[in-house]
Amino acid sequence: MAAVSLFKRRPQPSRENVRQAVPRQLPHVEAIPSDETTLLRVPLKEKLGATGWIARKSNSPSHHEIELDEIGAFVWSLCDGKRNVAGIAAALSKHYKITTHEAEASLLDFLDSLRRRGCLTLERK
């Protein structure tokens, strides 16, 4: 008898599809720039039921903050919905004088982290 998987994995996009994806900042994220860093304030999702009631009564924070260093702030500024991942990697490579391969590898990890934290979306064109 053949084994049947109960959990199907979504197919992973190809490397070229990822390179062509366009990162876009989400409108609910507030960016507060300073000298060489940027602070991102991301609203937390409102909790429902007893958990939400306790959170509201205990004055839990309504947002979380992510501090971006100089390079992160540079990348964040390029996530304007006009440039794709490959274009941002090229700009990163040129600005910081690193190879495109190094820039792209670091960029993909960084963008995925921001996506999981609710700061941006990657739109496939």
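The values are calculated or read from the model by the stated rules, or taken from the named source; none is laboratory data. Please read these numbers as outputs of a predicted model, since none were measured by experiment. Don't worry about glycine lacking a Cβ; one is built from the backbone with ideal geometry, like all the others, and counts go over all protein chains shown.
Sort out which residues of segment 38-59 are closer than 17 Å to residue 120 by Cα and at pLDDT below 75, and write them in order of number. Within segment 38-59, 45 is the sole residue that qualifies. Restricting attention to segment 65-85, the residues being in contact (Cβ under 8 Å) with a residue 40 or more places away in the chain, more than 23 Å from residue 16 (Cα to Cα) and in contact with a Lys or Arg (Cβ under 9 Å, 6 or more places away or on another chain) number 1. With the requirement that a residue be more than 22 Å from residue 118 (Cα to Cα) and either loosely packed, with under 13 Cβ neighbours inside 10 Å or modelled with pLDDT under 95 (or both), what does segment 60-94 give you? The answer is 94, and nothing else. Comparison of 35, 112 shows that the only residue that is part of a helix (DSSP H, G or I), at pLDDT below 95 and acidic (Asp, Glu) is 112.
Close Cβ contacts (under 6 Å, 6 or more residues apart or on different chains) running from residues in segment 86-115 that are within 27 Å of residue 65 (Cα to Cα) to residues that are at pLDDT 95 or above and among the hydroxyl-bearing types (Ser, Thr, Tyr) comprise 103/93. Scanning segment 14-36 for residues that are within 17 Å of the chain's Cα centre (by Cα) and of a type in the set (Lys, Arg), which turns out nearest to residue 70 (Cα to Cα)? Out of the qualifying residues, it is 24.
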